[in-house]
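Asks: Take a look at this one; I'll ask things after.
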Amino acid sequence: MQLTFCWYFLQGTPQKDVTIKPDAPSTLLSEKHADYIASYGTKKDDYILILYDSLHVVDVNKIVEYIQNLQKEDGSFAGDKWGEIDTRFSFCAVATLALLGKLDAIDVGRAVEFVLSCMNFDGGFGCRPGSESHAGQIYCCTGFLAITDQLHQINVDLLGWWLCERQLPSGGLNGRPEKLPDVCYSWWVLASLKMIGRLHWIDREKLRCFILACQDEETGGFADRPGDMVDPFHTLFGIAGLSLLGEEQIKAVNPVFCMPEDVLRRINVQPELVS
Amino acid sequence: MYWERLLGVQGSVVYSGSWWKKIWGVLDGIRSGFWSDKAYWFVLGVAGTGLRDSGGDTSPHWSLLVAPPVHAWEHRRTLAAEEDPEAELAFAGTLLSRDFSNFSAWHHRSRLLAPTRTPASPGGGAGALPPHRLQMELELVQNAVFTDPNDQSAWVYLRCILSRASPPPRILCLYVNREDATLAVTFSRPVVVGAGSSALTATVDGSALEGAWRSGEGRPRPSHTWLCDLPPDLAPPPARPRLHFRVTWEPNPAHREVTLLPDENEAWWQEPIKAGELFWPEVGVAEASVLEAQVETCRQLLELEPRSRGCLLTLVLLLSALDPLGHEDEIRRCLRDLQEADPLRIGFVGDVASRAEAAVGVLRMGAGPDGAVRLRLPRKALTSLPLLEHMVLVTHLDLAGNDLGGLPPALGGLRRLQVLDVSHNKVTTLRGFPPLPRLEELHLDGNPISHASALAPLATCPRLARLRLAETPLAATPEAATHLAQLLPGIDIALA
C-alpha cells in the first residue's frame with residue numbers, strides 16, 4: 001500500500017535553523033553600536049540630510065522628474081536607465097515622493113494595479129507578476145500599499161500567515177520557507193506584520209533574543225546571524241527590529257519608512273496602518 | 001529584467017541566433033554533467049552580478065548572466081515560455097524529488113499551471129486548477145508531506161493549489177431603516193467609496209439617491225459598511241410609502257434590490273451564506289470528493305506525526321470547507337493540538353480559532369419571532385472578532401468571557417444591534433468604537449477599564465440607555481459616578 005511504502009521513507013530533512021549558544025549576547029549593547037556606526041565609512045554626511053531637516057539642499061524637481069520618467073505604462077517602475085522592473089522600485093518611488101510631498105506626480109492608480117498584480121495565492125508578493133513570494137518584496141509591496149493608502153486590498157489573514165511562518169525555533173525569521181534566519185528578514189517580516197496589524201502572530205520575546213544574539217560584543221554592530229561578521233546593513237535592521245518589538249532604549253521606528261517616527265511626524269508623513 | 005533589456009536592444013534575433021543556442025548548450029552540458037541545478041544557477045548569478053557591477057555599459061549580452069537564484073528562476077520561466085511546459089513541470093518535479101524543501105521549484109510549478117486555471121467569475125481573477133492537473137499536484141504534495149511532515153514548502157503549496165484568487169469585494173447585504181432614514185450597504189471586503197466616486201450608486205423607486213456615502217465605521221476609512229441618508233422629503237411622516245431600492249457596485253455588474261413595504265420599519269436583502277467559504281474564502285475546489293480525499297490523507301499522516309502543524313492547519317481548512325458544523329468537534333481538537341504543537345505562533349492560532357468559532361456561531365444564528373437575531377459566542381477564547389460582515393442583522397450579541405482586547409470599528413456594520421455583552425474580556429479602551437444607532441444596552445463589567453475617558457466614543461450611540469461597569473478598576477475609583485454622568489448623561493450606569 002502506498003502509505004506503508006511512504007512510511008519507510010519518513011525522514012525529516014534537517015530543519016534549516018541556527019542554534020543560539022548560551023553565552024550569546026542577551027542585552028542591547030547601545031554604546032558599542034554607536035561607536036561602530038560612528039567609526040564606519042567616510043561619507044556619512046550624505047545620509048544625514050533628511051534626519052537633520054536639510055531637504056532644501058536637494059533638487060526636488062529633478063528627483064521628481066527622474067522618478068516620473070521611470071514609471072512604465074502598466075504602472076510599474078524601472079530601477080534605472082537599464083530598465084529592470086521590480087516592485088522594490090515601486091516602493092522606492094512612492095517612498096521618495098511621499099517624503100518630498102509629491103506623490104501625485106505619478107499615476108498612483110496604475111502603480112497600485114501593478115503591485116496588486118504581483119500578489120500570489122499564498123498572499124505574498126514577488127518582484128514581478130508571477131514571481132515567487134519573498135519577504136523583502138513583501139515588505140516593499142506592503143510599504144507601497146501603506147503609502148498609497150491601499151492596505152485594505154491585502155488579504156491580511158493570508159499574508160499574515162505566510163509571514164508568521166517565517167519564524168524558526170531559534171526565534172529568528174527567514175525570508176522564504178526552509179531558508180535560514182537572518183536579522184534583515186527580521187526587519188522586513190516584522191515591519192510587514194506591523195503594517196497589517198499582525199505583530200502578535202509571532203513570538204516577540206524569542207525574536208528579541210535572536211536579534212540580540214546577533215550582536216558582536218567586541219566590535220559592536222549586528223551580523224545576519226549569531227557568530228557571523230557584522231555590517232551596517234544588518235546593524236540598521238537589528239536595531240529597527242528591536243524598536244518595533246518595543247525596546248525602550250531605542251526611538252520608535254516607523255515600519256513603512258524604517259525611519260524614526262519623530263522625523264516623519266515633523267514632515268507629516270505617517271501612513272495609517274491596519275490596527 | 002536583463003532579459004527584457006537583452007531582447008529590447010538586440011531583438012529576438014539574438015535569442016534565436018545560433019551562437020546563443022550553442023552557448024546555452026554548453027552551459028546546459030556543464031549543468032547536467034557536473035553541477036546540481038541550484039549550483040548552476042547560483043554561479044551564473046554570481047558571475048552575472050560581478051560582470052554587471054564592473055560597469056554599467058557592459059555589452060547587453062552579458063546581462064544574460066543574472067542575479068541570485070530567485071531571479072534565475074525568472075529567466076528560466078521566460079525561456080520556458082518558448083519551450084514545452086510539460087518538460088518544465090518534469091524539471092521542477094525532478095528537483096523536488098531530490099529536495100522537497102525547494103520552495104522555488106514548487107512556485108515554478110504553480111506558475112506553469114497558472115494558465116490552466118479557469119476564471120472564477122467575470123473579472124474575478126484566477127479560478128481553480130482543472131481536476132486532472134490538481135490530482136497530479138496533490139500526489140506530488142502527498143509524497144512531500146509524508147517524506148517530511150514538518151517541511152512547510154509543501155503545505156504552503158497545497159493551500160495554493162486548492163485556492164483561487166481572493167474574490168473581489170461584492171455586496172453582501174442591503175439594509176434600510178425607515179426611522180433612521182438610512183440605506184446601509186455591507187461589502188465582503190473593505191472598500192473605499194470616495195466623495196464624487198460613482199462606483200456605488202443607488203436608486204429609490206427609479207430615482208437616483210443623491211446623498212453622499214459615509215462609512216458606517218465612523219471615519220472616512222476603507223470600510224465594510226457604507227451609509228446613505230434618505231432625503232427627508234422621500235417619506236415625510238406620517239406617510240409610509242412602499243419604497244424600492246436598487247444598488248449597483250460598479251466593478252460587479254449584478255445589482256441588488258430591497259423593498260420596504262408600507263407596514264415595515266425595516267427591510268433587508270442578504271446574500272445566502274456559503275458555509276464552506278466562511279472560514280476559508282479562497283477555497284477553490286468545488287468537488288467535495290477531492291477535499292474528502294485530502295482529509296483522509298491528513299488524518300493518516302496525523303496518526304504517524306500528530307504534531308505536524310502544517311497538517312493540523314490544513315485539516316482545519318479542509319474540514320471547514322466541507323462542513324463546519326458537522327466537523328466542529330474535530331476542528332476544535334485540531335486547533336487545540338495546533339496550539340500545543342506550535343508555541344511560537346500562539347497569537348496566530350488564537351485568531352484562527354476565533355475565526356472558526358465565529359463561523360460556527362454565524363451558521364447557528366437564529367431569528368426570533370420578534371425579528372431578534374441572536375448570536376451567542378460566550379467563553380469561546382475569542383482573541384479577535386472576525387466575520388462581522390456576516391453579522392450585520394444581529395440584534396443581540398453575546399461575547400462574554402472571552403479574550404478580546406478591544407472592539408473593531410467594523411462593528412459599525414451592525415445597524416440593528418440592541419444588546420452587546422462584552423463582559424469579562426480584556427477590553428481597556430473603546431477607542432475606535434463606532435456609532436451604533438440602535439444600541440441600548442452594553443455590558444462591560446469585568447474588563448480592565450480604568451479611565452472614564454476610555455468610554456468617550458459611547459457618546460455617539462444615540463439610544464444607549466444601560467451600561468454595566470461592575471468589577472472594573474474604574475468602578476472602584478471614588479469619582480467614577482460623577483465623571484461618567486458628565487461624559488454619558490442620561491444613561492443608567494451600574495458600577496456594582
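The values are calculated or read from the model by the stated rules, or taken from the named source; none is laboratory data. This one's a predicted model, so the numbers in the text were calculated from it and none came from an experiment. Neighbour counts run over all protein chains shown; Cβ positions are idealised from the backbone, glycine included.
Asks: For the stretch B:383-403, indicate whether the set of residues that are surrounded by fewer than 23 Cβ atoms within 10 Å (Cβ to Cβ), within 14 Å of chain A (Cβ to nearest Cβ) and over 19 Å from the mean Cα position of the chain (by Cα) is non-empty.
Replies: Scanning the stretch B:383-403 turns up at least one residue that is surrounded by fewer than 23 Cβ atoms within 10 Å (Cβ to Cβ), within 14 Å of chain A (Cβ to nearest Cβ) and over 19 Å from the mean Cα position of the chain (by Cα).
Asks: Show the residue pairs meeting these rules: Cβ distance below 7 Å; 6+ apart or different chains; first residue within the stretch B:255-282 and more than 14 Å from chain A (Cβ to nearest Cβ) and free of Cβ contacts under 8 Å to residues at least 40 places away in the same chain; second residue of a type outside the set (Gly, Ala, Ser) and assigned to a loop (DSSP other than H, G, I, E, B).
Replies: As it stands, the answer is B:Thr259/B:Arg242; B:Leu261/B:Arg242; B:Pro262/B:Arg240; B:Pro262/B:Pro241; B:Pro262/B:Arg242, since those pairs meet every condition given.
Asks: Pick out, from the stretch B:371-478, the strands (runs of 3 or more DSSP E) lying fully within it that include 3 or more residues that are within 30 Å of A:Asp157 (Cα to Cα).
Replies: Correct list: B:373-376, B:396-398, B:419-421.
Asks: Among (1) at pLDDT 95 or above; (2) surrounded by 20 or more Cβ atoms within 10 Å (Cβ to Cβ); (3) touching a Gly at 6+ places or on another chain (Cβ under 9 Å), which single condition is A:Asp86 missing?
Replies: Single failed check for A:Asp86: (1).
Asks: Kindly evaluate B:Arg374 against the criterion of being in contact with a His (Cβ under 6 Å, 6 or more places away or on another chain) and surrounded by fewer than 18 Cβ atoms within 10 Å (Cβ to Cβ).
Replies: yes
Asks: Take the stretch A:261-275 and flag every residue that is in contact (Cβ under 8 Å) with a residue 60 or more places away in the chain and assigned to a loop (DSSP other than H, G, I, E, B).
Replies: The answer is A:Ile267, A:Val269, A:Pro271, A:Glu272, A:Leu273, A:Val274, A:Ser275.
Asks: Follow-up. Working only within the stretch A:83-107, note down all residues that are assigned to a helix (DSSP H, G or I) and charged (D, E, K, R).
Replies: Selection gives A:Arg88, A:Asp104.
Asks: Looking at (1) within 14 Å of chain A (Cβ to nearest Cβ); (2) of a type in the set (A, V, I, L, M); (3) under 25 Å from the mean Cα position of the chain (by Cα), which one does B:Leu112 not meet, given that it meets all the others?
Replies: Unmet for B:Leu112, out of (1) within 14 Å of chain A (Cβ to nearest Cβ); (2) of a type in the set (A, V, I, L, M); (3) under 25 Å from the mean Cα position of the chain (by Cα): (3).
Asks: So is B:Leu317 of a type in the set (A, V, I, L, M, F, W, C) and in a helix (DSSP H, G or I) or not?
Replies: It is true that B:Leu317 is of a type in the set (A, V, I, L, M, F, W, C) and in a helix (DSSP H, G or I).
Asks: Right, something else. If A:Gly101 satisfies every condition in (1) modelled with pLDDT of 95 or more; (2) away from chain B (no Cβ under 12 Å) but one, which is the exception?
Replies: Just one mismatch for A:Gly101, condition (1).
Asks: With the checklist (1) within 12 Å of chain B (Cβ to nearest Cβ); (2) out of contact with any Asp or Glu (no Cβ under 8 Å at 6 or more places or on another chain) in hand, flag the one item A:Trp201 doesn't pass.
Replies: (2)
Asks: Which ones in the stretch B:160-216 are charged (D, E, K, R) and either buried (at least 17 other Cβ atoms within 10 Å of the Cβ) or closer than 22 Å to B:Glu271 by Cα (or both)?
Replies: Those that are charged (D, E, K, R) and either buried (at least 17 other Cβ atoms within 10 Å of the Cβ) or closer than 22 Å to B:Glu271 by Cα (or both): B:Arg164, B:Arg170, B:Arg178, B:Asp180, B:Arg189, B:Asp205, B:Arg214.
Asks: Being aliphatic (A, V, I, L, M), over 17 Å from B:Gly218 (Cβ atoms) and in a loop (DSSP other than H, G, I, E, B) is the filter here, so list the residues in the stretch B:174-200 that pass it.
Replies: Across the stretch B:174-200, the qualifying residues are B:Ala181, B:Ala199.
Asks: I've got another one for you. Considering only the stretch B:128-180, state which residues are more than 10 Å from chain A (Cβ to nearest Cβ) and hydroxyl-bearing (Ser, Thr, Tyr).
Replies: Hit for the stretch B:128-180 is B:Tyr175, nothing else.
Asks: Right, next: Within the stretch B:320-351, which residues are farther than 24 Å from B:Gly405 by Cβ and either in a loop (DSSP other than H, G, I, E, B) or touching a strand residue (DSSP E or B) at 6+ places or on another chain (Cβ under 7 Å) (or both)?
Replies: Within the stretch B:320-351, B:Ala321, B:Asp323, B:Pro324, B:Leu325, B:Gly326, B:His327 meet the criteria.
Asks: Specify which of the listed residues (B:Leu444, B:Leu474, B:Leu417) is buried (at least 16 other Cβ atoms within 10 Å of the Cβ), touching a Ser or Thr at 6+ places or on another chain (Cβ under 7 Å) and free of Cβ contacts under 8 Å to residues at least 24 places away in the same chain.
Replies: One residue alone meets the criteria, B:Leu417.
Asks: Given the condition surrounded by 17 or more Cβ atoms within 10 Å (Cβ to Cβ), touching a residue at least 24 places away in the same chain (Cβ under 8 Å) and of a type in the set (Lys, Arg), answer yes or no: does some residue in the stretch B:359-368 qualify?
Replies: no
Asks: Scan the stretch B:182-232 for residues that are of a type in the set (Asp, Glu) and either under 22 Å from B:Arg170 (Cβ atoms) or within 13 Å of chain A (Cβ to nearest Cβ) (or both) and jot them down.
Replies: B:Glu217
Asks: Still on this structure, please answer the following. Can you find, within the stretch A:146-198, the residue that is nearest to A:Pro226 (Cα to Cα) among those that are in contact with a strand residue (DSSP E or B) (Cβ under 6 Å, 6 or more places away or on another chain) and facing chain B (nearest Cβ under 8 Å)?
Replies: A:Gln167
Asks: Now a separate question. From the list B:Leu469, B:Leu455, which residue is over 31 Å from the mean Cα position of the chain (by Cα), crowded, with 22+ Cβ neighbours inside 10 Å and not basic (Lys, Arg)?
Replies: B:Leu469
Asks: Do we have any residue at all in the stretch B:251-259 that's touching a Ser or Thr at 6+ places or on another chain (Cβ under 9 Å) and at pLDDT 95 or above?
Replies: yes
Asks: Among B:Ala239, B:Ala235, which is the only one that is small (Gly, Ala, Ser), farther than 15 Å from B:Asn177 by Cβ and without any contact (Cβ under 8 Å) to a residue 60 or more places away in the chain?
Replies: Result of the check over B:Ala239, B:Ala235: B:Ala239.
Asks: Does at least one position in the stretch A:194-204 carry a residue that is over 15 Å from A:Thr19 (Cβ atoms), within 13 Å of the chain's Cα centre (by Cα) and among the basic types (Lys, Arg)?
Replies: Checking the stretch A:194-204: at least one residue is over 15 Å from A:Thr19 (Cβ atoms), within 13 Å of the chain's Cα centre (by Cα) and among the basic types (Lys, Arg).
Asks: Condition check: part of a loop (DSSP other than H, G, I, E, B) and exposed (fewer than 13 other Cβ atoms within 10 Å of the Cβ). Does A:Asp80 satisfy that?
Replies: Answer is yes for this residue.
Asks: Determine if the stretch B:232-246 includes at least one residue that is among the aromatic types (Phe, Trp, Tyr), closer than 26 Å to A:Val274 by Cβ and buried (at least 18 other Cβ atoms within 10 Å of the Cβ).
Replies: Looking through the stretch B:232-246, none of the residues is among the aromatic types (Phe, Trp, Tyr), closer than 26 Å to A:Val274 by Cβ and buried (at least 18 other Cβ atoms within 10 Å of the Cβ).
Asks: Please specify each residue of the stretch A:89-101 satisfying the condition of being surrounded by fewer than 21 Cβ atoms within 10 Å (Cβ to Cβ) and among the hydroxyl-bearing types (Ser, Thr, Tyr).
Replies: Scanning the stretch A:89-101 gives a single hit, A:Thr96.
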